[in-house]
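Accompanying notes for the structure given below.
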Amino acid sequence: MSGRAPHAAAHHYDVVVIGGGPGGWPAAVQAARLGARTLLVEKNGALGGTTTVAGVALPGLFHAWGEQVIAGIGWEAVSRSVELSGTTLPDFARWDQPHWRLQVPVVPALFAAVIDELAHEAGVRLRLHTMLADVRREGDQWVVTLCGKEGLSEVGASVLVDATGDADAVAAAGLTRLTNPHRQPGTPMVVFGGYDPESLDYPTLDRAYRSALDSGELSHADMAGGRDPLRTFLRAHGENRIHLIGATSTTSADRTAAEVAGRAALLRIFRFLRRQPGLEQIRIDRWAVETGIRESHTIDGLVRITGADYASGRVWPDAVSYSFYPIDVHSPDGDGIDIRPLARGVVATIPRRALIPRGASNLLVAGRCASGDQDANSAFRVQASCMAMGQAAGANAALAAQKGCDLLDIDISELRRTLHDHGAIVPGA
C-alpha cells in the first residue's frame, strides 16, 4: 500500500473494469445495466480482445449436448452480430460433431461495433488506448492509475474487475499470481488463400517440408506439429495452426517479443510455401495484428479448479456460470495438441471463489486468469466461458458497490437471481 494519505480520486466509479476482452466487456455492460457507474479501460482501439484484435473470430462454446448452457450478454452480442452479417449458425442439435464445428463465426469488425453499441446503450464510460499503470488501496476504495496519450490520471473504484487475462491489476495490488513452469505456446492468427488444398501433391510437399525442418528453415512449431502437420496446416489454410514456444504477456517486452516472433514465423512459412508446386499464388487473406496468448498467469483464488473438477462436471456450491469445452492443452514444446473431450452429458461449472484472489478486498477477475490448473484453464479460457464469467463478475461487482459491502457478502442466491434476470444461464438459478 502507498504511504500517501488517502484522498479522493478525481473521478470515482462504482466499478472499474480493466480489459475489454471476452471477460471484460460483458462485466462492464452487466454492471452498468444494474445501474452502477462503470468505467471500462482497454489498451487497444477496439473491444473484443481475442475475438477481434487477436482474430479468433469463432466464439464458443455456448451449447453442450444439444442444449444452450451459456447465454446472457455474450450471446446477445454474438446473436446480434450473426444477424447483421447473415452468418449461418451451426446446427447445435448435432452435438456429435467435432467441437470446433459448433463455434459461431462472427465478423470481427461487426462484432467490435456491436460491443460498442451494447456498452453505449448500457451507459458504460469507455477509455480505449489506455493502460493500467498502478493500483493501490486507499481507505474503502481502489485508486487506479491509468496511462493514456495525455499522460497519467487517477480514478477511484468501489470494486475493481481485472479482466486483463494476465491478472495485471492483481499483481499491481501486491497479490499473488501463479504461473505454470511449462506454458502453452501462443499463436498469431493468419489465414492463407490462393490455392486449392485438395489439388496439392502432398508427397512432394512432405519431402520439401522435411527438408526445411532438417535445414532449420522451418521448426516443428511453425505448423503446430502433430502426425501430419503440413497437410493439416494447408487444409486449415493455416488458421490457428502456428505455435510460438514460450510466448507470454507479462511485460511489454514479452509482448513485443511475441509479436515479432509471430510475424517472423508468418514470413518464414509464407516464403517456404510460395516456392512449392501448387502454392505459387498463395496469399494472406486475413491476419490479426495481436498475437494470441493462450496462457500467462492465474490468480491464487479462494478455490482452484482442477482438471479433475472440470472433467467431472463438479457443481460448485457457489457456481456462477457454466463452461463447456474440451480440455485443450497445446504442447509447451509446440509439437501438437492434447485434446480431451468431456464425457457425454458433462458440463463444468465456475465457482465465484475462483474469481476472487486470496487477500483481496472488493477485487475480482474475469476470464483466462481465473483460478485453475493448466488442464482446467486450457478449457475455461475460451471465449464463451469468459463471457459468462465476465457477466457474473460484473453483477457481483455492481451489487457489492451499491450495497457498500464485500463481494462475498452478496448472497449467492441473490447473485444467481440477478444473472438469471439478465438472461444468463446459471447453475442453481
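A few remarks follow.
- For the pair Leu84 and Thr250, a Förster radius of 30 Å applied to the C-beta separation gives a FRET efficiency near 0.25, rounded to the nearest 0.05.
- Normalised by 2.2 N^0.38 Å, where N is the number of residues, the alpha-carbon radius of gyration of region 190-287 equals 1.09.
- The mean sequence separation of alpha-carbon pairs under 8 Å and at least six residues apart, normalised by the residue count of region 126-177, gives a relative contact order of 30 percent.
- Ascending count of other beta-carbon atoms within 10 Å, so fewest first, for Arg304, Arg241, Arg417, Arg352: Arg417, Arg304, Arg241, Arg352
- For region 124-170, the set of trypsin sites (Lys or Arg not before Pro) satisfying both a DSSP loop assignment and a count of at most 15 other C-beta atoms within 10 Å is given as Lys149.
- The chain - percent relative contact order, Cα under 8 Å, separation 6 or more: 23
- Stretching Glu150 away from Glu117 to a fully extended chain increases their span by 9.3 nm, per 0.36 nm per residue minus the current alpha-carbon distance.
- Net dipole in debye of region 37-126 [+1 Lys, Arg Cβ; -1 Asp, Glu Cβ; about Cα centre; nearest 20]: 240
- Centroid-to-centroid separation of region 11-66 and region 393-424 [C-alpha atoms, Å]: 17
- Averaging the Cα positions of each part gives two centres, and for region 355-382 and region 110-189 these lie 15 Å apart.
- When the chain is described by a simple charge dipole with +1 on each Lys and Arg Cβ and -1 on each Asp and Glu Cβ, the residue from Ile425, Asn377, His11 located farthest towards its positive end is Asn377.
- Taking label points 7 Å from Cα along the Cα-to-Cβ direction, Thr306 and Arg283 give a separation of 5.3 nm.
- For the chain, the fraction of alpha-carbon pairs in successive 20 Å shells from zero, as %: 27, 56, 16, 1
- Difference of contour (0.36 nm per residue) and Cα-Cα distance, Leu408 to Ala429: 5.8 nm
- Computed magnitude of the charge dipole of region 190-287 (debye, nearest 20; Cβ of K, R +1, Cβ of D, E -1): 120
- Estimated 222 nm signal from helices in the chain, with DSSP H stretches of n ≥ 4 weighted -39500 (n - 2.57), rounded to 500: -9500 deg cm²/dmol
- Unit charges on C-beta of K, R, D, E only; dipole of the chain, Debye: 260
- Placing pseudo-labels 7 Å out from each Cα toward the beta carbon at Leu178 and Thr232 gives an inter-label distance of 2.9 nm.
- Entry note, region 190-287: relative contact order of 45 percent, from Cα contacts under 8 Å with a spacing of 6+ residues.
Quick note: the coordinates plus some simple rules give every number you see, no bench work behind them. Since the structure is predicted, the reported quantities are computational estimates derived from the model, not experimental observations. Methodologically, a virtual Cβ is constructed for each residue, glycine included, from the backbone with ideal geometry; neighbour enumeration extends over all protein chains shown.
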